[in-house]
Amino acid sequence: MKNARTPSTDAPLTWKQRLNALRNLPRFFGLVWQTSPGIMLANGILRIARSAIPVSTLYVGKLIIDQVVLLLRNGGGATAGGSTSAMTWLWELVAIEFGLALFSDGLMRVINLMDSLLGEKFANFTSVKIMEHAASLDLDQFEDTTFYDKLERARQQTTGRTVLLSQVLGQVQDLISMGFLAVGLMTFNPWLILLLLVAVVPAFLGESYFNDRSYTLMRAQTAERRELDYLRYLGASDETAKEVKLFSLSRFLIDRFQALSDKFYIDSRSLAIQRSTWGTVFSLLGSLGYYSAYVVIILRAVHGQLSIGDLTFLAGSFRQLRSLLEGILTRFTSVSQGAIYLQDLFEFFEIKPRITRVAHPRPFPKPIREGFTFEDVGFRYLHSERWANRHLSFTLRPGERLALVGENGAGKTTLIKLLTRLYDPTEGRILLDGVDLREYDPDEVRRQVGVIFQDYLRYQMTMAQNIAVGNILHKEDRQLIETSAEKSLANLLAERLPGRYDQELGRRFRQGVELSGGEWQKIALARAYMRDAQLLILDEPTAALDARAEYEVFQRFSELTKGRTAVLISHRFSTVRMADRILVLDKGEMVEMGSHEELLEKDGRYAELFHLQAQGYR
């Protein structure tokens with residue numbers, strides 16, 4: 001694929017890039033074949049059959065006209081010798097032409113049906129492939145804007161490229177039809193083919209140029225169009241309506257949306273006007289070429305070199321050839337354009353995760369005996385100069401409850417993502433029972449961890465499904481779901497809901513019930529309890545709970561984490577005090593570690609933060 005790479009956003013497409021882009025078509029058809037071999041094969045056969053119909057229809061029409069002229073010259077059907085057989089042949093020809101018309105129409109409808117079915121199956125198939133590949137990639141890749149642009153363009157190909165299949169198959173069909181028609185024209189006058197090319201090529205080159213401009217413009221607008229979609233969502237969403245109204249953001253969002261959409265309109269309008277103007281000029285050239293050929297054919301018929309039937313056959317052949325050639329050349333531009341767009345899809349599939357799996361991973365220790373050891377661990381996000389974590393060296397012992405404390409941006413959540421191997425360290429290493437964490441299967445590591453982040457998702461699903469996502473392999477285990485809900489106190493919520501655990505949550509769908517922040521948080525906590533995990537991680541688990549609910553949750557948490565390793569992130573020091581040890585982070589680095597009492601005695605960073613918060617309660 002080296003030579004078929006997608007061009008830069010501000011560079012016009014060259015013919016070399018177009019031809020190189022056609023190399024994407026075999027891989028594209030491989031995907032289509034995987035989607036539905038039967039439909040694709042039948043579609044191809046039917047298109048080949050239909051490609052012979054235009055020349056067949058024109059030739060039968062020629063025979064009909066010549067037969068009518070013959071009957072007229074012989075005094076009409078009533079007096080001509082052998083008139084019965086001549087008339088019979090005429091009506092047989094008419095019946096054949098009628099049959100061809102019906103057959104052609106039937107084939108076209110079946111082909112269109114197959115195109116529609118195959119297009120829908122392909123869109124679904126590629127959507128699944130994109131989701132599967134996205135699931136294999138690393139978390140920090142999703143936090144990179146360049147990657148996200150590629151993902152967005154790949155998503156667009158799931159529906160936009162289904163048209164490409166019809167275009168390529170139509171191209172093959174028309175080329176075969178042209179072959180039949182060209183043979184007929186060349187038999188009578190080879191110069192007509194040359195005249196045909198002169199008439200059509202300028203229009204093709206013009207269409208090619210403006211398609212290039214259109215592609216370049218669309219690709220350059222990828223990031224801004226994502227912003228446009230985001231503004232559309234912010235301005236009309238149940239999740240944003242509260243703040244939009246409260247802060248009177250509507251006009252700000254509308255103005256920004258209007259400015260961007262107007263910019264897109266102005267750019268598109270300028271290109272459309274130029275395309276329309278030059279298209280008119282090229283169309284005029286094409287018409288002049290066609291009628292020049294028509295004049296040649298008429299003159300030959302007038303001088304007796306062609307029959308009336310030949311005249312109609314040649315005129316019809318030239319007209320259809322012109323139409324087919326224009327379609328093929330124009331479609332070639334679209335096909336090569338589509339093939340270039342396909343590169344967006346294939347480039348996304350070629351992105352590889354940086355978190356690799358060893359060929360023979362070690363089995364995860366059950367139980368954990370030595371714990372997790374950080375050895376001078378540092379992590380820096382892609383394209384960032386700043387270290388999110390650095391010089392982290394400590395051990396999380398089996399059965400220990402560790403609290404992470406620090407101001408926002410201190411690197412607490414990043415540390416958790418390193419621990420769960422959502423990220424791999426940029427420097428240093430993390431050991432589990434003395435073995436580098438990279439020696440274990442990442443999926444198995446994550447299965448042994450129950451974690452709830454502060455930005456958990458609120459799934460627009462039933463309550464049972466919302467809890468089951470914590471361990472989706474047990475989505476049908478109602479007893480486990482209800483037990484997990486009891487541990488997080490979400491069972492009290494279920495008792496108040498009309499549908500209990502089968503109640504739809506959220507306002508997106510009918511019969512849905514919206515919950516408060518604290519109620520959603522209890523459901524999110526239940527997800528952590530869905531796993532029989534050796535490590536339990538809660539990132540700000542009580543941020544939306546009132547004081548009583550927070551106390552109850554942590555009483556329960558304290559009981560449930562006995563014998564388990566637990567990591568807790570919280571800004572509330574009343575919560576942090578329950579931990580065996582507290583790790584204090586500042587600007588990504590560990591500045592202190594010890595129990596609550598030990599850190600207060602040190603009178604360092606932890607003591608400073610503790611006393612600042614305590615002043616608010618005095």
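From GLY106, GLY99, GLY119, grab the single residue that is surrounded by 14 or more Cβ atoms within 10 Å (Cβ to Cβ) and free of Cβ contacts under 8 Å to residues at least 60 places away in the same chain. First the steps, then the outcome.
Working: GLY106 fails: surrounded by 14 or more Cβ atoms within 10 Å (Cβ to Cβ); GLY99 fails: surrounded by 14 or more Cβ atoms within 10 Å (Cβ to Cβ).
Answer to the selection: GLY119.
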Query raised in the report: Limited to the range 503-538, what total is found for residues that are at pLDDT 80 or above and assigned to a loop (DSSP other than H, G, I, E, B)?
Result: 10
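Could you list, in sequence order, all residues of the range 135-145 that are assigned to a helix (DSSP H, G or I), under 21 Å from THR356 (Cβ atoms) and either in contact (Cβ under 8 Å) with a residue 12 or more places away in the chain or not assigned by TED's automatic domain parsing to the domain that holds MET218 (or both)? Steps first, answer last, please.
From the range 135-145, those assigned to a helix (DSSP H, G or I) are 135-136, 139-142, 145; that's our starting set.
With under 21 Å from THR356 (Cβ atoms) added as a condition, the list becomes 135-136, 139-142.
Matches in the range 135-145: SER136, LEU139, ASP140, GLN141.
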Report task. Read through the list (1) part of a loop (DSSP other than H, G, I, E, B); (2) assigned by TED's automatic domain parsing to the domain that holds ALA220; (3) of a type outside the set (Phe, Trp, Tyr), then give the number of the only condition that GLU370 fails. Result -> (2)
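Go through GLY411, GLY399 for me and flag whichever is over 19 Å from PHE142 (Cα atoms) and among the small types (Gly, Ala, Ser).
Working: GLY411 fails: over 19 Å from PHE142 (Cα atoms).
Only one candidate qualifies: GLY399.
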Report task. Could you run through the range 232-252 and say how many residues are in contact with a Ser or Thr (Cβ under 9 Å, 6 or more places away or on another chain) and either farther than 28 Å from ASP149 by Cβ or surrounded by 14 or more Cβ atoms within 10 Å (Cβ to Cβ) (or both)? Result -> 4
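The values are calculated or read from the model by the stated rules, or taken from the named source; none is laboratory data. All of these numbers come straight from a predicted model, not from anything done at the bench. All Cβ positions, glycine included, derive from the backbone under ideal geometry; neighbour counts span all protein chains shown.
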